Amino acid sequence: MLRQLHSLPGLIAGLLVTVVAITGAMLALNPLQERLHASVPAAGQMSVADLAGKVAAHYPGVEQIKRTPSGAILVYFSDGDRSGVELIDPETAAALGPYEPPAVMRWMKNLHRSFLLVETGRIATGTTAALMLLLSLSGAFLLAARSGGWRKIFHPVCGTGPQRLHVTLSRIA
């Protein structure tokens, strides 16, 4: 019973965790990729107060000033019936153009967070995390039973190459 409880969710969760891991790695590398392709002038040694003052002069309805991991400065503003996000030059606070995150990264973030299924996908992502917890616990008990008890859990492993690899990777995990 414990082996079925371990293997069946493992097949399902393995696929979903692979998707989450790959998209998470790509999202983690996004700031580096943005930094390499940034056409934003490098910010000097300006204080935050000076930058806020310059931005407030250009954008009277400023709501937020944000520095992205790539170094770009974004201004979130609303001016009467108009609102938006613009990329600005940090030295002069002049607009460099409207900011729109790349469509690929928005798609990747939605795939990572919710498997492109909005609320249902968020539930599926949470369920996948719970399945991984179940897999970890059932795997630990299976490993202890295979090893001859909890005290021998880190002793050398017998079995075929794939079996030893599975046990070694589970110990690391």
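The values are calculated or read from the model by the stated rules, or taken from the named source; none is laboratory data. The structure presented is a predicted model; accordingly, all values stated were derived computationally and were not measured. Positions of Cβ are generated from backbone atoms using ideal geometry, with glycine treated the same way; all protein chains shown enter the neighbour counts. Each accessible area value is taken on the protein alone, full model and side chains, heavy atoms only, with ligands, DNA and RNA left out. Shrake-Rupley method; radii C 1.70, N 1.55, O 1.52, S 1.80 Å.
Just one of 135, 165, 116 is more than 25 Å from residue 30 (Cα to Cα) and either outside any helix (DSSP H, G or I) or open to solvent by 30 Å² or more (accessible area, probe 1.4 Å) (or both); which is it?
Going through 135, 165, 116 in turn, the sole match is 165.
Quickly run through the stretch 103-137 and pick out the residues that are closer than 15 Å to residue 169 by Cα and hydroxyl-bearing (Ser, Thr, Tyr).
Residue satisfying the conditions is 136 alone.
What do you reckon, is residue 83 at pLDDT below 90, outside any helix (DSSP H, G or I) and hydroxyl-bearing (Ser, Thr, Tyr)?
Here the answer is yes, as residue 83 does meet what is asked.
Can you find, within the stretch 57-73, the residue that is nearest to the chain's Cα centre (by Cα) among those that are surrounded by 15 or more Cβ atoms within 10 Å (Cβ to Cβ) and within 14 Å of residue 95 (Cβ to Cβ)?
Checked the stretch 57-73; the qualifying residue nearest to the chain's Cα centre (by Cα) is 72.
Any residue in the stretch 120-131 that's open to solvent by 60 Å² or more (accessible area, probe 1.4 Å): show its pairings with residues that are part of a helix (DSSP H, G or I) at Cβ separation under 7 Å, as long as the two are six or more apart or on different chains.
What qualifies is 122/113; 122/114.
Taking residue 147 as the residue in question, decide whether it is closer than 24 Å to residue 15 by Cβ, surrounded by 11 or more Cβ atoms within 10 Å (Cβ to Cβ) and polar (S, T, N, Q).
No; evaluated as a whole, the condition is false for this residue.
It is to be established whether one or more residues within the stretch 76-90 are surrounded by 13 or more Cβ atoms within 10 Å (Cβ to Cβ), among the small types (Gly, Ala, Ser), touching a strand residue (DSSP E or B) at 6+ places or on another chain (Cβ under 8 Å) and over 30 Å from residue 173 (Cβ atoms).
Yes, because at least one residue in the stretch 76-90 is surrounded by 13 or more Cβ atoms within 10 Å (Cβ to Cβ), among the small types (Gly, Ala, Ser), touching a strand residue (DSSP E or B) at 6+ places or on another chain (Cβ under 8 Å) and over 30 Å from residue 173 (Cβ atoms).
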